[in-house]
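Trainee: Here's a structure for you.
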Amino acid sequence: MSALIHGQDWLLGQLAIAAWDPRRLKPLATGTSREKSVKVYFHGAFSLGRSDTLLVLAGRNAPVQSYEWISQSLKTAADSLYAAHLTEMADFEDRVSREKLERERLYEKSPELMRFEGLGPQEQPPSVQAKLLLPFLPKATMFSAPSTLRPEALDRQSITAIEASGWLPSRDGAYIGIRHILVGAKKSCVLTWEPYSGPPSYSEVRWAVQRRLPQALRKPRLAHIGRPKLESDVNLSDQPAGTVSGLDSGGQEWLDSLDDVQLDDHDYRERIDASRKDRQAQGFEAIAWFQPYHSYSEDVWGIYFDARKLDDFALSLLDDIRSHRIHASPTHAARLAFGLTYAHELFHARVEAALSWVELNALQPRHLRYKQRVYDALRETPEWLEEALANWTSWDWFQSAPVQALFARSMANLDGLRKVVESSLDLSPPGYREWRVGHQSFTWRNFTTQLTTGQAKASASALALPLESTLWGPLPYDFLASDIPLRFVGSGVIADRLQSQPATFNVPTRRELERALKFFRHILDVSGGKGGHQKWTGPDQRAFILPTRDPVSVGVFKTFLQHLGIDKATYVREVRPNL
């Protein structure tokens, strides 16, 4: 009856039906039909597809975190809409009062007119239209799925539902799903995300290459950490000790996180000498390396840092700076060591991104051909342009206005510091040490010609192709540093500091997340996981599904935080130290 009064197609009507349906919101333990009320908790509201359909989720249990699906923009829009409604209501009530007063005065003069009272059209009070909030609601799609569906099959159904939803994909690949929502007689799944409407993201470009051009990838792709082998190398664990991702080498977050860092100077001279020897033989690859997704599997591609050798490089820089009689702290050296190395490796990632874009436009493989015919053919020669330009990118990072301003605030002799950086870049093998060619525009044109043609040297009559904008300038796709996974192998002072700050910490290892689940009194259900997943059940009987691959993805960690009702800062500052 309540549904009929409110209208079965309206929100109140649907809530009335759901509240008294024992399969939905009515408490299962209800022992009497005389119960007069059902408590319903709001969980979220979503906009479905391109229609005006509103999806409202309500449940018997209170949400872990109030309004976790409500964005700040939606709150602002709702507040503004409601404030405007209050103004309209005040105007309406004031107008109705004046009109009533005028009628009463008229009836006093002409009582016979009272018989016409209420016969004319009645003005309705203004109402708030929730439809106006639809553009601000989180976007979602729904699809039916059985309760016993395996995670791998559920992933495939989710992808199909995303493609058919009418919404653009997520920029960061983060999607949140809710299973076992009862809609009518069927159980459904809800997927929500933030659609991205900018230029094509590099993540989307990268996946498009894998879907449309599988022949462009190594078969099979490597599934290990392919660390360059050095004579002074030590045995490192195959497991990354931690993960940091999404650092922007032009931003300030990671620079600030290295304030007051103190380097371990144990075996100071021996480590410095070894660092210089390694860099002279291997360049920045003595400290970090890039594993392209064309050759390495999804679990292990990205930038890797040897955490110990990063500290050694910082000690070497600190020794060089002080030998030039420049007052400097370990913080200066740590910032330089990480920034120079990261900029170099990020350039290699940009090269793969440029080749990925070329591959999509030509629908022909390019990356593996370039690596074999150009990069490997020119290895350790002065014409090794990719390494020269990668070193130039490190120099360009150091010369950028934000970095120069940061060092200028605490260091008087910037000219001396520039000489130290130049000497460090010069302490490199052939190719690397030709980095100064990066200031010449035709060098970039020659290099991008190598990328697209797959030829190390063009014929004497051939002109370099005007394609340098595939690497710098306004790009036709959206490339962010956070698109490239960044991992530390082993432990080090700089790596540990970056992983202890909320601004730079990205995701924990799987084993750390297992310890965190135990910290929050979750129990592993050995019979509940399927495939490469574990099922952990909390004290409130809510389950969390943890993939067994390491490290966990950004999306899994985000879901973990929402599951517990905490943010990343709380995890880093309050939870992580207790694990």
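The values are calculated or read from the model by the stated rules, or taken from the named source; none is laboratory data. Just so it is clear, the structure is predicted and the values come from calculations on it, not from any experiment. Neighbour counts are summed over all protein chains in view; Cβ atoms, including those assigned to glycine, are modelled from backbone coordinates with ideal geometry.
Trainee: Take the stretch 128-145 and flag every residue that is surrounded by 11 or more Cβ atoms within 10 Å (Cβ to Cβ), more than 24 Å from the chain's Cα centre (by Cα) and either in a loop (DSSP other than H, G, I, E, B) or free of Cβ contacts under 8 Å to residues at least 40 places away in the same chain (or both).
Mentor: Val128, Ala145
Trainee: Determine which member of the set Arg271, Arg322, Arg350 is under 27 Å from Trp472 (Cβ atoms) and either over 27 Å from the mean Cα position of the chain (by Cα) or surrounded by fewer than 24 Cβ atoms within 10 Å (Cβ to Cβ) (or both).
Mentor: Sole residue among the options that is under 27 Å from Trp472 (Cβ atoms) and either over 27 Å from the mean Cα position of the chain (by Cα) or surrounded by fewer than 24 Cβ atoms within 10 Å (Cβ to Cβ) (or both): Arg350.
Trainee: Which residue out of Ser491, Ser482 is in a loop (DSSP other than H, G, I, E, B), among the hydroxyl-bearing types (Ser, Thr, Tyr) and touching a Gly at 6+ places or on another chain (Cβ under 9 Å)?
Mentor: Ser491
Trainee: Further, regarding this structure: Quick check on Ala216: is it in the same structural domain as Lys277 (by TED's automatic domain parsing) and in contact (Cβ under 8 Å) with a residue 60 or more places away in the chain?
Mentor: yes
Trainee: Which of the residues belonging to the stretch 444-473 are basic (Lys, Arg) and part of a loop (DSSP other than H, G, I, E, B)? Before you say what the answer is, go through the steps one by one.
Mentor: Residues of the stretch 444-473 that are basic (Lys, Arg), as a first pass: 445, 457.
Answer for the stretch 444-473, where residues must be basic (Lys, Arg) and part of a loop (DSSP other than H, G, I, E, B): just Lys457.
Conditions (1) under 19 Å from Asp426 (Cβ atoms); (2) free of Cβ contacts under 8 Å to residues at least 40 places away in the same chain; (3) not aliphatic (A, V, I, L, M), marked per residue:
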{"residue": "Arg276", "(1), (2), (3)": "yes, no, yes"}
{"residue": "Arg279", "(1), (2), (3)": "yes, no, yes"}
{"residue": "Gly283", "(1), (2), (3)": "yes, no, yes"}
{"residue": "Gln291", "(1), (2), (3)": "no, no, yes"}
{"residue": "Trp301", "(1), (2), (3)": "no, no, yes"}
{"residue": "Ala354", "(1), (2), (3)": "no, no, no"}
{"residue": "Trp357", "(1), (2), (3)": "no, no, yes"}
{"residue": "Arg366", "(1), (2), (3)": "no, no, yes"}
{"residue": "Arg369", "(1), (2), (3)": "no, no, yes"}
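Trainee: Continuing with the same structure: Every residue in the stretch 52-71 that is modelled with pLDDT under 75 and either among the small types (Gly, Ala, Ser) or in contact with an Asp or Glu (Cβ under 6 Å, 6 or more places away or on another chain) (or both), please.
Mentor: Ser66
Trainee: Strands (runs of 3 or more DSSP E) wholly in the stretch 505-579 with at least 2 residues that are modelled with pLDDT of 90 or more - which ones?
Mentor: In the stretch 505-579, the matching strands (runs of 3 or more DSSP E) lie at 523-525, 533-537.
Trainee: Which of the residues belonging to the stretch 83-97 are of a type in the set (A, V, I, L, M, F, W, C) and over 47 Å from the mean Cα position of the chain (by Cα)?
Mentor: Across the stretch 83-97, the qualifying residues are Phe92, Val96.
Trainee: Could you please give the count of residues in the stretch 424-440 that are of a type in the set (S, T, N, Q) and in contact with a helix residue (DSSP H, G or I) (Cβ under 7 Å, 6 or more places away or on another chain)?
Mentor: 2
Trainee: Pull up the stretch 393-447, narrow it to residues that are more than 18 Å from Thr341 (Cα to Cα) and of a type in the set (Phe, Trp, Tyr), then point me to the one that is surrounded by the fewest Cβ atoms within 10 Å (Cβ to Cβ).
Mentor: Phe442
Trainee: State which residue is surrounded by the most Cβ atoms within 10 Å (Cβ to Cβ) when the search covers only the stretch 192-224 and only residues that are of a type in the set (Val, Ile, Thr) and assigned to a helix (DSSP H, G or I).
Mentor: Restricting to residues being of a type in the set (Val, Ile, Thr) and assigned to a helix (DSSP H, G or I), the top hit is Val209.
Trainee: I'd like to know if the stretch 172-191 contains one or more residues that are among the hydroxyl-bearing types (Ser, Thr, Tyr), within 36 Å of the chain's Cα centre (by Cα), assigned to a loop (DSSP other than H, G, I, E, B) and surrounded by fewer than 14 Cβ atoms within 10 Å (Cβ to Cβ). Give the steps one after another, and end with the answer.
Mentor: Of all residues in the stretch 172-191, those among the hydroxyl-bearing types (Ser, Thr, Tyr) come to 175, 188.
Restricting the remaining residues to those that are within 36 Å of the chain's Cα centre (by Cα) gives 175, 188.
The next check asks that each one be assigned to a loop (DSSP other than H, G, I, E, B); those that pass are 175.
From the residues that got through so far, the ones that are surrounded by fewer than 14 Cβ atoms within 10 Å (Cβ to Cβ) too are none.
No: the stretch 172-191 contains no residue that is among the hydroxyl-bearing types (Ser, Thr, Tyr), within 36 Å of the chain's Cα centre (by Cα), assigned to a loop (DSSP other than H, G, I, E, B) and surrounded by fewer than 14 Cβ atoms within 10 Å (Cβ to Cβ).
Trainee: For the stretch 407-443, what are the residues that are over 26 Å from Ala274 (Cα atoms) and either part of a helix (DSSP H, G or I) or among the acidic types (Asp, Glu) (or both)?
Mentor: Across the stretch 407-443, the qualifying residues are Phe407, Ala408, Leu414, Asp415, Val437, Gly438, His439, Ser441, Phe442, Thr443.
Trainee: Out of all the residues in the stretch 482-499, is one or more within 20 Å of the chain's Cα centre (by Cα) and over 20 Å from Ala349 (Cβ atoms)?
Mentor: The answer is yes, given that some residue of the stretch 482-499 is within 20 Å of the chain's Cα centre (by Cα) and over 20 Å from Ala349 (Cβ atoms).
Trainee: What's the total number of residues in the stretch 448-467 that are touching a helix residue (DSSP H, G or I) at 6+ places or on another chain (Cβ under 8 Å) and either of a type in the set (Ser, Thr, Tyr) or buried (at least 19 other Cβ atoms within 10 Å of the Cβ) (or both)?
Mentor: Total satisfying the criteria: 4.
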